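What follows is a short report on a single structure.
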Amino acid sequence: MSDFIVNIIHRPELAPEYAEKVTGQGKKDDIGRSSLLDESESIFRFQQDTAHKNGLRTTIQITYASLFSQQIIDMVKEDHEKYGDEIALSLLGLPCKQFREKYKTHDFCIWMFSMEQKKQIVDDVFGKFYECFGYYPESTGSYYMDAELISYIKEKYPTVKCAVATCWEEGPKAYHTCNNSWYTFMDGGPWNPWIPSKYNTHVPASCKEDDSGIVAIPHLSRDLMACYDGNGSNFGTHPQNVLRGMIYDTKTWEYPYLYNIVDQYRAQEKYNNGYSYNMMFVGPGWLNKMGRWEAPYELLKKSYEDGMAYYGKLKSEGKLKDMTMAEFADYYRGKKGYTEPEVALWRDILYGSDKQYFWYVDPDMRVGINMDQGGAIFDLRPYAAKLNIPVGIGTGNPTNASYPFLIQDKYRAGYFTHYAGEGTIKSAKLSYGGEEVDLCLERTKGHYSKEGKDTILTLDPVDVRFADFTIKLQTKFTFTEGSHRIRIDRIVVDSTDDTKKVHLNEYITACYGTNEYSEDMSSVKLAVTDGKEYKSIDYEYLDRSDSLKGAAAASAVIPPVNTKVSMICEDKEATGYVREGYAFSPMFSLGFEKDLSKGEVFTTWLSLEKAN
Amino acid sequence: MAQSGKGKLNFRCPSCFIRDIDVDMFYDEDKKEYYCLRCQYTGTEEDVLAKNELVRLRYKDMMKRFTSFEF
């Protein structure tokens, strides 16, 4: 029996972030104007009624402004009594007349305030919540909750057990989409719920001592391909985001894509021990009466009703469990262990490409594998480093909450680069007689399996064609729970000429960063060793390389992200190498090379460790 | 020259949209056209709506209902 859990969240904002700016064009900034307050309240009521009509319970995230409205307080108390909705507290909807008068700022993202102000605001809103309801909330949230903020809340208000804590791949892509004016940089986290580490919210806790004390849920359930490859703001379980992406028929007002996202999330239970998850959280600004961009109010309303109706239908068929956030936190802790990974096998459901991604998250890493590029690793986050990255005014890092990557094939190219240099990717090259083929050009499909603590991704074999012969090569990835390593097997399953050997170069090209622009690589140290001999290169952009026959490891230590990344090989016939980059190609490469013939397997491991 | 404002709906620039940028357009009452502050696109409401349909060409599976997600 599988579980598909849904959290539906509403917030009575009273000053919707979008309604204020978008529908208020031509009006002087007045966040307290009565028409805005009335409209906001009626939107919240509509959302609540729509959920209840479909037999769904909600989590009401009370905003700062709502704590000054007796009407809202009475309304949510009634919904709590009548429907069992949870009354929670949002740190997202801060802007309102009272907040601005008290804090004298237009800032509204809790993680961007100074630590002193974060504490002051948290105490203020939690205190007001207590005054209104007579208890402290069990759930809270924002687009992002930094580790220091979660620690403070958990210590001071231990009732809190669940929080909305990140929005998957909302980072530079969202910034660009919003005409470079939306400063929510939080790439690099899990897409589905997790227990955050005390050190960094994006990183799943590895053990009890590392446990921040809450269960984190993402802000929306987002398309695990479309949000990575393109604009992240259009592809998720948010009906009006789907309209924003113009993913609907303008004549019939139909949008099957919305239901396809929900269903593809449901399908993930096969890879996650019978559990799958969705979160829908539509802020009131997306349902304002003046419409939103090209979509008139009637379409906004219809899409919300349709979204709720679909969840309601699934519930009535016994295919969905609606939970409040606090209920879900209890469920999650009962369901998942610390080191158990979250896995997704995701296909394109919009562009018609048959492209397929595999995603894997555990306390040591987040990994993305692209089957459309022969199983290349196109995203790699070194969670093993458990990087503590304070964010907010006064930290020297006011806005950037993203977890750094070693590989990100959109920000730092992948296989394809212009004219010269290399991009970040983990792949293999096969060569024979002057010809070379990178597996990035071999499109295939992947299949999931589980053996004990091993999560296995097995790719369909690909044909690698040379002028004289063709080999059939299969790739298998094995992730062993708690190992901080990925085993990669390359198997020559067939060949049209058994006498010929193909040269295989298993490599990773990487760097570090959180956005498109290169960082200083000068502190990177490369080394290749067999345990006795040790060859090293200190990065100076000089395009040097070194190699060692029979090497056991080729590694790079990257001090700015406190990470050691290694390729490991036990085959003494293989040669390990390291390669420095240069200014036009600020990367490094690690690799192992060996000649293979039919029936042979070449095994290497990719390892991630904290550097110190 | 008339002062620009927004139309009855906030049309985005279709040229910017196709490069993943959401930019509201403004309406020039004299020229009876929407125009983009970021690029050189200008067009009537009919032209904007027609270009928005072109934008959808990339969504080949926009109207397809999937029943299986495996290969």
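Tabulated data for the structure shown
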item: The range A:251-263 - residue that is part of a helix (DSSP H, G or I) and within 8 Å of chain B (Cβ to nearest Cβ) and, of those, surrounded by the most Cβ atoms within 10 Å (Cβ to Cβ); result: A:Tyr257
item: From A:Gln70, A:Gln61, residue being more than 23 Å from A:His219 (Cβ to Cβ) and either touching a Cys at 6+ places or on another chain (Cβ under 8 Å) or in the same structural domain as A:Gly312 (by TED's automatic domain parsing) (or both); result: A:Gln70
item: Residues located in the range A:362-382, provided they are in contact with a Leu (Cβ under 8 Å, 6 or more places away or on another chain) and among the acidic types (Asp, Glu); result: A:Asp364
item: Residue that is farthest from A:Thr177 (Cα to Cα) [pool: residues in the range B:40-71 that are part of a loop (DSSP other than H, G, I, E, B) and more than 11 Å from chain A (Cβ to nearest Cβ)]; result: B:Thr44
item: Of all residues making up the range A:161-184, the number that are out of contact with any helix residue (DSSP H, G or I) (no Cβ under 9 Å at 6 or more places or on another chain) and facing another protein chain (nearest Cβ under 10 Å); result: 2
item: Flag for A:Phe588 being touching a Gly at 6+ places or on another chain (Cβ under 8 Å), at pLDDT 95 or above, in the same structural domain as A:Gln408 (by TED's automatic domain parsing) and surrounded by 20 or more Cβ atoms within 10 Å (Cβ to Cβ); result: yes
item: Odd one out for A:Ile456, checked against (1) over 29 Å from A:Gly581 (Cα atoms); (2) under 33 Å from the mean Cα position of the chain (by Cα); (3) surrounded by 19 or more Cβ atoms within 10 Å (Cβ to Cβ); (4) hydrophobic (A, V, I, L, M, F, W, C); result: (3)
item: Selection from the range A:346-394 of residues that are of a type in the set (Gly, Ala, Ser) and either in the same structural domain as A:Lys119 (by TED's automatic domain parsing) or under 17 Å from the mean Cα position of the chain (by Cα) (or both); result: A:Gly368, A:Ala384
item: Residues (hydrophobic (A, V, I, L, M, F, W, C), touching an Asp or Glu at 6+ places or on another chain (Cβ under 9 Å) and part of a loop (DSSP other than H, G, I, E, B)) located in the range A:188-219; result: A:Trp191, A:Ile195, A:Val203, A:Ala205
item: Of all residues in the range B:28-51 being crowded, with 18+ Cβ neighbours inside 10 Å and closer than 25 Å to A:Tyr175 by Cα, the one that is nearest to the chain's Cα centre (by Cα); result: B:Val48
item: Checking A:Tyr265 against (1) farther than 30 Å from A:Thr455 by Cα; (2) touching a residue at least 40 places away in the same chain (Cβ under 8 Å), the condition it does not meet; result: (1)
item: Residues (at the interface with another protein chain (Cβ under 10 Å from one of its Cβ atoms) and either part of a loop (DSSP other than H, G, I, E, B) or of a type in the set (S, T, N, Q) (or both)) located in the range A:236-250; result: A:Gly245, A:Met246, A:Ile247, A:Tyr248, A:Asp249, A:Thr250
item: Enumeration of residues in the range B:20-36 that are assigned to a loop (DSSP other than H, G, I, E, B) and either under 22 Å from A:Asp249 (Cβ atoms) or more than 9 Å from chain A (Cβ to nearest Cβ) (or both); result: B:Asp20, B:Asp22, B:Met25, B:Glu29, B:Asp30, B:Lys31, B:Lys32, B:Cys36
item: Residue match in the range A:307-322 (condition: of a type in the set (Phe, Trp, Tyr) and either out of contact with any helix residue (DSSP H, G or I) (no Cβ under 8 Å at 6 or more places or on another chain) or within 11 Å of chain B (Cβ to nearest Cβ) (or both)); result: no
item: Test result for A:Glu298, touching a strand residue (DSSP E or B) at 6+ places or on another chain (Cβ under 9 Å), at pLDDT 95 or above and assigned by TED's automatic domain parsing to the domain that holds A:Lys251; result: no
item: Count of the range A:128-139 residues which are touching a Cys at 6+ places or on another chain (Cβ under 8 Å) and of a type in the set (Ser, Thr, Tyr); result: 1
item: So A:Val437, is it farther than 30 Å from A:Val601 by Cβ and over 17 Å from the mean Cα position of the chain (by Cα); result: no
item: Strands (runs of 3 or more DSSP E) contained entirely in the range A:516-573, each with at least 1 residues that are over 32 Å from the mean Cα position of the chain (by Cα) and closer than 25 Å to A:Asp595 by Cα; result: A:525-529, A:534-538, A:545-549
item: For A:Ser233: the one exception among (1) at pLDDT 95 or above; (2) part of a helix (DSSP H, G or I); (3) at the interface with chain B (Cβ under 9 Å from one of its Cβ atoms); result: (1)
item: Residue, nearest to the chain's Cα centre (by Cα), within the range A:418-432, restricted to residues that are assigned to a loop (DSSP other than H, G, I, E, B) and in contact (Cβ under 8 Å) with a residue 12 or more places away in the chain; result: A:Thr424
item: Residues of the range A:433-477 satisfying the condition of being closer than 30 Å to A:Asp362 by Cα, out of contact with any Phe, Trp or Tyr (no Cβ under 9 Å at 6 or more places or on another chain), hydroxyl-bearing (Ser, Thr, Tyr) and in a strand (DSSP E or B); result: A:Ser449, A:Thr475
item: Those residues of the range B:1-17 which are modelled with pLDDT of 95 or more and within 13 Å of chain A (Cβ to nearest Cβ), in sequence order; result: B:Arg12, B:Cys13, B:Pro14, B:Cys16, B:Phe17
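Residue by residue, here is whether (1) within 14 Å of another protein chain (Cβ to nearest Cβ); (2) touching a Gly at 6+ places or on another chain (Cβ under 9 Å); (3) surrounded by fewer than 19 Cβ atoms within 10 Å (Cβ to Cβ); (4) of a type in the set (S, T, N, Q) holds:
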{"site": "A:Tyr331", "(1), (2), (3), (4)": "no, no, yes, no"}
{"site": "A:Leu345", "(1), (2), (3), (4)": "yes, yes, no, no"}
{"site": "A:Ile349", "(1), (2), (3), (4)": "yes, no, no, no"}
{"site": "A:Tyr360", "(1), (2), (3), (4)": "no, yes, no, no"}
{"site": "A:Gln373", "(1), (2), (3), (4)": "no, yes, no, yes"}
{"site": "A:Leu387", "(1), (2), (3), (4)": "no, no, no, no"}
{"site": "A:Ile393", "(1), (2), (3), (4)": "no, no, yes, no"}
{"site": "A:Ser402", "(1), (2), (3), (4)": "no, yes, no, yes"}
{"site": "A:Thr417", "(1), (2), (3), (4)": "no, yes, yes, yes"}
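The values are calculated or read from the model by the stated rules, or taken from the named source; none is laboratory data. Since this is a predicted model, take the numbers as computed values, not measurements. Note that we place each Cβ from the backbone using ideal geometry, even for glycine, and neighbour counts take in every protein chain shown.
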